[in-house]
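So that we are looking at the same thing, I have put the structure below in structure tokens.
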Amino acid sequence: MGRVFLEHLGGKRIFTCAQCTAPLTNRDQLLSTRFTGATGRAFLFHKVVNLRYSELQDRVMLTGRHMVRDVACKNCNCKLGWVYEFAVEEGQRYKEGRVILERALVKEVEGFDDGESVDSSSSNQ
């Protein structure tokens, strides 16, 4: 199969896959901590990288009917949450294009200062 290329958003606080520690997003992308998923508490993020997406599903949730896709880690394929593609109710449209990550399935770890270089492709040989 080949090597999986992973993106990294940087930041001082990073959310990673709890299973394989692949970087997913950072604290700056966090929109809300007031969501609930299948495993308990869940977070809503603006941008998340290194995900695989399921087929589109029509799902009735506590806040109404939504079209969603489940999301999994691009590296280890562990299910992490879902992305909102479409909200039927006008008041829920702010979720469209946003990603829910379940707290039990991700880890928050120390990142690095934004001024530091993230380029891992160069080496001093």
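Open to solvent by 10 Å² or more (accessible area, probe 1.4 Å), charged (D, E, K, R) and modelled with pLDDT of 95 or more: which single residue out of K74, K95 fits that description?
Values: K95 fails: open to solvent by 10 Å² or more (accessible area, probe 1.4 Å).
Step by step, each of K74, K95 is checked, and only K74 is open to solvent by 10 Å² or more (accessible area, probe 1.4 Å), charged (D, E, K, R) and modelled with pLDDT of 95 or more.
So, one more: What are the pairs with Cβ atoms under 7 angstrom where one residue, in region 55-73, is among the β-branched types (V, I, T) and the other, located anywhere, is outside any strand (DSSP E or B)? Sequence gap at least six, or different chains.
Taking only residues 6 or more apart or on different chains, the pairs are T63/Q92.
Return the pair list, or none, for Cβ contacts closer than 6 Å from residues in region 19-39 that are more than 13 Å from E108 (Cβ to Cβ) and open to solvent by 50 Å² or more (accessible area, probe 1.4 Å) to residues that are among the hydrophobic types (A, V, I, L, M, F, W, C) and not in a strand (DSSP E or B), at least 6 apart or on different chains.
Correct list of pairs: Q19/C76; Q19/C78; T39/A104.
Between a residue in region 82-96 that is more than 20 Å from R41 (Cα to Cα) and any residue that is among the small types (G, A, S), which pairs come within a Cβ distance under 8 Å, given they are 6 or more apart or on different chains?
Going by the 8 Å Cβ cut-off, the qualifying pairs are E85/G97; A87/G64; V88/G64; E89/G64; R93/A87.
Kindly indicate the residue of region 105-125 that is in contact with a Gly (Cβ under 9 Å, 6 or more places away or on another chain) and surrounded by 14 or more Cβ atoms within 10 Å (Cβ to Cβ) and also modelled with the lowest pLDDT among those meeting that condition.
Among them, the one singled out is G111.
Which residues, taken from region 77-92, are polar (S, T, N, Q) and surrounded by 13 or more Cβ atoms within 10 Å (Cβ to Cβ)?
Going residue by residue through region 77-92, those that are polar (S, T, N, Q) are 77, 92.
Residue satisfying the conditions is Q92 alone.
Let me ask something else. Mind telling me which of the residues E85, E55 ends up being over 19 Å from R103 (Cβ atoms), outside any strand (DSSP E or B) and modelled with pLDDT of 95 or more? Walk me through how you get there before you give the answer.
Numbers: E85 fails: outside any strand (DSSP E or B).
Answer to the selection: E55.
The values are calculated or read from the model by the stated rules, or taken from the named source; none is laboratory data. For clarity, every value in this text was computed on a predicted model and none was experimentally measured. Backbone-built Cβ (ideal geometry, glycine too); neighbour counts: all protein chains shown. For accessibility, only protein heavy atoms count, side chains too; no ligands or nucleic acids. Shrake-Rupley method; radii C 1.70, N 1.55, O 1.52, S 1.80 Å.
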